[in-house]
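Below: the structure, in structure tokens.
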Amino acid sequence: MSLKRTSNQQSIGDAIKNMFQQYGLEQKLDQVKITSSWELIMGKTIAKYTTGIYFKEGTLIIKLSSAALRQELSYAKTKLIGKINAQMGKDVICDIVFQ
């Protein structure tokens, strides 16, 4: 007896993705990915001065211990948004606030 795949069946990956979307967990997962790969995305020097990473409605809030670095990164905000979204493979953040 052969089993036929019906139209309501989906891959495990798709099922997990749909579940994450239904329960609002996809954004949380993206946030964890950004936080855990912050040093890879930004480099060791910037990661060393980063004291906190937070998210609020599409905005990435970065707390830095260096005022000079905070100022320098604010000039490159658009480029950084593109870099982070490219690393994630989708548009996850739309703005960055440096504190």
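Here are some notes:
- The C-beta contact set for region 7-31 (first residue of a type in the set (D, E, K, R), second residue not in a helix (DSSP H, G or I), distance under 9 angstrom, 6+ apart or interchain) comprises Lys28/Phe55; Asp30/Phe55; Asp30/Lys90; Asp30/Val92; Asp30/Ile93.
- Filter result for the condition that a residue is in contact (Cβ under 8 Å) with a residue 24 or more places away in the chain, surrounded by 14 or more Cβ atoms within 10 Å (Cβ to Cβ), β-branched (Val, Ile, Thr) and part of a helix (DSSP H, G or I), over Ile41, Ile93: Ile41
- When region 49-77 is filtered for residues that are within 20 Å of Met88 (Cα to Cα) and not β-branched (Val, Ile, Thr), the ones remaining, listed by number, are Gly52, Tyr54, Phe55, Lys56, Glu57, Gly58, Leu60, Leu73, Ala76, Lys77.
- Identity of the residue in region 1-36, among the charged types (D, E, K, R) and closer than 21 Å to Leu80 by Cα, that ends up modelled with the highest pLDDT: Lys33
- Filtering Gly24, Gly13, Gly82 for residues that are under 17 Å from the mean Cα position of the chain (by Cα), surrounded by fewer than 14 Cβ atoms within 10 Å (Cβ to Cβ) and part of a helix (DSSP H, G or I) leaves a single hit, Gly82.
- Members of region 28-46 that are under 19 Å from Asp91 (Cα atoms) and out of contact with any helix residue (DSSP H, G or I) (no Cβ under 9 Å at 6 or more places or on another chain): Gln31, Val32, Thr35, Ser36
- Condition met for Val32 (outside any helix (DSSP H, G or I) and hydrophobic (A, V, I, L, M, F, W, C)): no
- Under the condition of being among the acidic types (Asp, Glu) and within 18 Å of the chain's Cα centre (by Cα), the residues counted in region 47-79 number 1.
- Selection count, region 51-79, where residues are assigned to a helix (DSSP H, G or I) and either small (Gly, Ala, Ser) or surrounded by 15 or more Cβ atoms within 10 Å (Cβ to Cβ) (or both): 6
The values are calculated or read from the model by the stated rules, or taken from the named source; none is laboratory data. If you're wondering where the values come from, they're calculated on a predicted model, not measured in any experiment. As a convention, Cβ positions derive from the backbone with ideal geometry for all residues, glycine included, and neighbour counts pool all protein chains shown.
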